[in-house]
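Have a look at the structure below, then the notes.
The values are calculated or read from the model by the stated rules, or taken from the named source; none is laboratory data. Since the model is a prediction, treat every value here as computed from it, not as a measurement. We place every Cβ from the backbone using ideal geometry, glycine too, and count neighbours over all the protein chains shown. Calculation scope for accessible area: heavy atoms of the full protein, side chains included, ligands and nucleic acids excluded. Shrake-Rupley method; radii C 1.70, N 1.55, O 1.52, S 1.80 Å.
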Amino acid sequence: MRYCRYSSPEGEQFGLIENVAGTPQITNLLPQTEDGLPDLLHPQKVAAQLLGSVKLLAPVRPSKIICVGRNYLDHAKELGNDAPQEPLIFFKPPSSIIAHDEKIQRPRISERVDFEGELAVVIKRACRNLAEGEDVRPFIFGYTCANDVTARDLQKTDGQWTRAKGFDTFCPVGPLVTDEIDPGQGVGLETRVNGLVKQSGNTRDFIFPLDVVIRYISRIMTLVPGDLICTGTPAGVGPLVAGDSVAISIQGIGALKNPVTDRD
């Protein structure tokens, strides 16, 4: 399954993506369920549209975004931190979400705004107090790309991360969601700024594997359909300036691309 959310003359739509003659196209509309996710069981056939011909919207509208900090050892070390002994989690507000091709806006009060490419997980159904060893796969709807944009200087001065991680436009997500990858088997991630590779990692290098992360979070708070978990970033994070273009690419998903501007 691969789906996107996009703008159409009839309003916002979920679209099923299939390869037609080797080209990704929207071939079916997917009704929205009561949980706000696309209904994969009742696709509605439509005239195929090239994926590149539509205006993509963020594919998820989560009630909360839970992020895992320092989940790659090389990233922890590059910022002078030890590896955490248990998952280190924090929030980004849903208001920080933007879509593929939308602008990341650097706030004027920050002198350094960094990119952080990440794999993100979309929750499928309510999830609470999972037992040790319990299979987390039934609770996963799919995976997408995310950019945990961070005002690095404010993160250091504040001593906690809410402001640094929470500005509007600081959570690009997309371009689509898929369930056709397996992070446990290793999925490659790459971040490019202006075409130059800045990050290159693999989910095999997680300090805390995805199943451990989901069970851990479920024992703190109830996860509900559509919630988003950002799983951490590899080494290579660095600053963005106005005029940059940043792309997060993940094997089997595609590339999430966003231009960078200064906030008015």
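Worth a mention:
- Only Lys, Arg (+1) and Asp, Glu (-1) charged, at Cβ; region 157-264 dipole about Cα centre in debye: 200
- The largest accessible area among Ser8, Ser96 belongs to the first residue in Ser8, Ser96, and the rest follow in falling order (1.4 Å probe, all chains).
- Spin-label zone in region 21-45 - amide nitrogen under 18 Å from a point set 7 Å from the Cα of Ser8 along the C-beta vector: 24-34, 36-45
- Highest mean packing first, where packing is the average number of other Cβ atoms within 10 Å per residue, the peptides 208-216, 172-180, 39-47 line up as 172-180, 208-216, 39-47.
- Per the chain, cysteines lacking a partner by the 4.7 Å Cβ criterion: Cys4, Cys127, Cys145, Cys171
- Between Gly159, Gly11, Gly252, the GNM of the chain built on Cα springs shorter than 10 angstrom shows Gly11 fluctuating the most.
- Nearby aspartates and glutamates by direct alpha-carbon distance to Lys103 (threshold 17 angstrom, same-chain neighbours under 8 apart not counted): Asp114, Glu116, Asp148, Asp168, Asp244, Asp262, Asp264
- Helical runs (DSSP H, four residues minimum) scored at -39500 (n - 2.57) apiece and divided by the length of the chain put the mean residue ellipticity at 222 nm at -2500 deg cm²/dmol.
- Applying 0.36 nm per residue to the separation of Glu86 and Ala255 and subtracting their alpha-carbon distance, the gain on full extension is 57.8 nm.
- Magnitude of the charge dipole, the chain, Cβ model with Lys/Arg +1 and Asp/Glu -1, debye to 20: 320
- Of the cross-linked pairs Lys77/Lys198; Lys165/Lys257; Lys92/Lys124; Lys55/Lys165; Lys45/Lys124, those separated by over 21 Å at the C-alpha level are Lys55/Lys165; Lys45/Lys124.
- Net charge dipole size for region 203-260 [Lys, Arg +1 and Asp, Glu -1 on Cβ; Debye, nearest 20]: 100
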